[in-house]
Amino acid sequence: MTDRVHRFLVADQAVRGQIVRLGSTWQALREHAEYPQPVRQLLGEAVSAAVLLASSLKFEGLLTLQIESAGAVRLMVVQCTHDFRLRGVARFDAARVTPRFEELVGEGRIIVTIEGEGTPRYQGIVAIEGGSLAASLTHYFAASEQLPTCVRLLANDQLTGGMLIQRVAQQGGMDLGAAERDAAAQTWELAQQRLAAMDPQQLLTGSIEDLLPGCLAPHDVRLLPGTAVRFECRCSPERVSDILRSLGEAEVRGILAELGTVTVTCEFCQRPYGFDSIDIEQLFAAVLVPGSERVN
C-alpha cells in the first residue's frame, strides 16, 4: 500500500476513515531541500495529513495545509490536489530547531484551505495545541467540521504514514436508532484506543490486512480501492509569468535593469525560471484591442 491512500468504512456502523503510507513520494518531495530531523518529521506528518484531508474532497480542487507559528518553523505549506498530486515546503530558523513540538511550532495556528472550480473557497483556522500535529488536527475537526475524529501521524526518513478515523452522525442517509448509536459509540471508543496504542512500526510497515482488523475488530471493515499518490510540483512558466505580471511592469523592469535578468525560483521544487530582456518585453507586450487604448 506504499504511495497509496485508502478509504475504509465499518459495515453497519457510523465509522469511517482513511489510511495512507508514502515512500518514494516522500523521498521525491524531500529531494529539493535539506531539513533538520525535527523539521523533516513534522513535514512528513503534515504531508500524510494533507493526503488524508484531501481524500475527503468531493470535487476537483486543491487542499492546502498550512502551519504558521512563532516557533522555529515559521511556515510550513503542503498542498494536495483531488487526484493526489502532492508538494510541500518548510521555512525555519535553524538556530532554534529542537525536538520539542511546542518549541518547534511555538504559538501558532493551522490553516486548511480548500479551493475548487465552481465551488466557494473554504478556510478553517485553529490554534496549534495538544502537543502534536495529530492532536491539533483532531481539534480542527472538532472545531471546524463538528466531526469526532482521531488522527495518528508518523514519519521517518524513509516513510511517512497516517490513519484517520471518524464517527459520522448518519449512515445511508438515515438517522441511526438508539441501539445503533450505542453500538457505534462503542466501536468508536475502541477504535480510538487501539489507534492510539498501535505500534508505530506497524502503522508504517505493517500490512493493511492486519492494520484495519486490528484496530476495528470484530466488525466487518470494508476497504475501498486505493488511489496512487505522487509528488508533482505545479509550477510552470505560465504561472511564474502571472506572478511577474502581478508585481507590475515598473518593478519587474527595475529588477531587470539592476541584475540583467529576472529569476524566479519555485519554493516547492527549487526550479529556476529565468527571464531576459526579450522575455520581459514579451511579458508586458501591448495587446492591441480595436477601438481601445494600450492594454498590458
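The values are calculated or read from the model by the stated rules, or taken from the named source; none is laboratory data. Model, not experiment: these values are computed from the prediction. Counting neighbours? That spans all protein chains shown, and the Cβs are built from the backbone with ideal geometry, glycine included.
The set of residues from segment 137-148 being touching a residue at least 12 places away in the same chain (Cβ under 8 Å) and within 21 Å of L190 (Cα to Cα) comprises L137, T138, H139, F141, L147, P148. Yes or no: segment 165-181 includes at least one residue that is of a type outside the set (V, I, T) and at pLDDT 90 or above. So far as segment 165-181 goes, no, none of its residues is of a type outside the set (V, I, T) and at pLDDT 90 or above.
Restricting attention to segment 31-38, does a residue exist that is in the same structural domain as E117 (by TED's automatic domain parsing) and surrounded by 21 or more Cβ atoms within 10 Å (Cβ to Cβ)? No, every residue in segment 31-38 fails to be in the same structural domain as E117 (by TED's automatic domain parsing) and surrounded by 21 or more Cβ atoms within 10 Å (Cβ to Cβ). Taking first residues from segment 46-61 that are over 15 Å from A135 (Cα atoms) and partners that are surrounded by fewer than 17 Cβ atoms within 10 Å (Cβ to Cβ) and of a type in the set (V, I, T), the Cβ contacts under 6 Å between residues at least 6 apart in sequence or on separate chains come to F59/T119.
Under the condition of being among the hydroxyl-bearing types (S, T, Y), part of a strand (DSSP E or B) and touching a residue at least 12 places away in the same chain (Cβ under 8 Å), the residues counted in segment 102-136 number 2.
Checking each residue in segment 184-213 for being without any contact (Cβ under 8 Å) to a residue 40 or more places away in the chain and closer than 23 Å to L147 by Cα picks out A185, Q186, E189, L190, Q193, R194, A197, P213. Would you confirm, using the coordinates I've provided, whether A14 is out of contact with any Asp or Glu (no Cβ under 7 Å at 6 or more places or on another chain), of a type outside the set (F, W, Y) and under 16 Å from L164 (Cα atoms)? Taking the combined requirement at face value, the residue satisfies it. Checking each residue in segment 241-262 for being out of contact with any Asp or Glu (no Cβ under 7 Å at 6 or more places or on another chain), hydroxyl-bearing (S, T, Y) and either at positive phi or surrounded by 12 or more Cβ atoms within 10 Å (Cβ to Cβ) (or both) picks out only S241.
Segment 1-101 holds strands (runs of 3 or more DSSP E) entirely within its bounds, and those carrying 3 or more residues that are under 19 Å from H139 (Cβ atoms) map to 61-69, 73-81.
Of all residues in segment 210-220, those that are touching a strand residue (DSSP E or B) at 6+ places or on another chain (Cβ under 9 Å) and farther than 16 Å from V20 by Cβ total 4.
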